Amino acid sequence: MSSTLEMLLIVWGVLTALLLVLLIYRSTLSIHEEDQLYLDEAEAHMQREQDEIHARMARTVLPMRVLGGASGLLILMIAALWVYNGLSGVQ
C-alpha cells in the first residue's frame, strides 16, 4: 500500500472517530431532553435547563455536518486512489 493511501486512511480514521464522539455526545444530550414541559413559575429552572440542552445540541450541528462531509469525501478519495493504484499496477 502506498504511503499516500496509508496517510489518507489515518486521516479518515481520525475524522470518523471525532464524528462518532460528537454523535455520542449529542445522543447523551438528547437523553436529557424533554418532549413537552408543563411549567409554572416554580419550575422555571427546568425551562432554563432545556434551553441550555437545546443550545448545546445546536452547537453540534455544524461540526457534525463538516466532519460527516469530510469523512464521506475522504473515503471516496481513498476508494478512487485504491482503484487507480490497482488499475495502474495491472499493466
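Residue-wise test of (1) in contact with a Ser or Thr (Cβ under 9 Å, 6 or more places away or on another chain); (2) among the charged types (D, E, K, R).
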{"residue": "15", "(1), (2)": "yes, no"}
{"residue": "22", "(1), (2)": "yes, no"}
{"residue": "32", "(1), (2)": "no, no"}
{"residue": "42", "(1), (2)": "no, no"}
{"residue": "45", "(1), (2)": "no, no"}
{"residue": "49", "(1), (2)": "no, yes"}
{"residue": "59", "(1), (2)": "no, yes"}
{"residue": "73", "(1), (2)": "no, no"}
{"residue": "79", "(1), (2)": "no, no"}
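As a summary of the residue check, residue 68 satisfies the conditions (1) modelled with pLDDT of 95 or more; (2) not in a helix (DSSP H, G or I) except for the one numbered (2).
Of the conditions (1) modelled with pLDDT under 90; (2) surrounded by 10 or more Cβ atoms within 10 Å (Cβ to Cβ); (3) assigned to a helix (DSSP H, G or I), residue 79 satisfies every one except a single condition; which number is it? Condition not satisfied by residue 79: (1).
In region 63-91, the qualifying residues are those that are among the β-branched types (Val, Ile, Thr) and more than 13 Å from residue 8 (Cβ to Cβ), and the one that is nearest to the chain's Cα centre (by Cα) is 66.
The values are calculated or read from the model by the stated rules, or taken from the named source; none is laboratory data. This structure is a prediction, so every number in the text was calculated from the model and none was measured. Here Cβ is always computed from backbone atoms with ideal geometry, including for glycine, and neighbour counts include all displayed protein chains.
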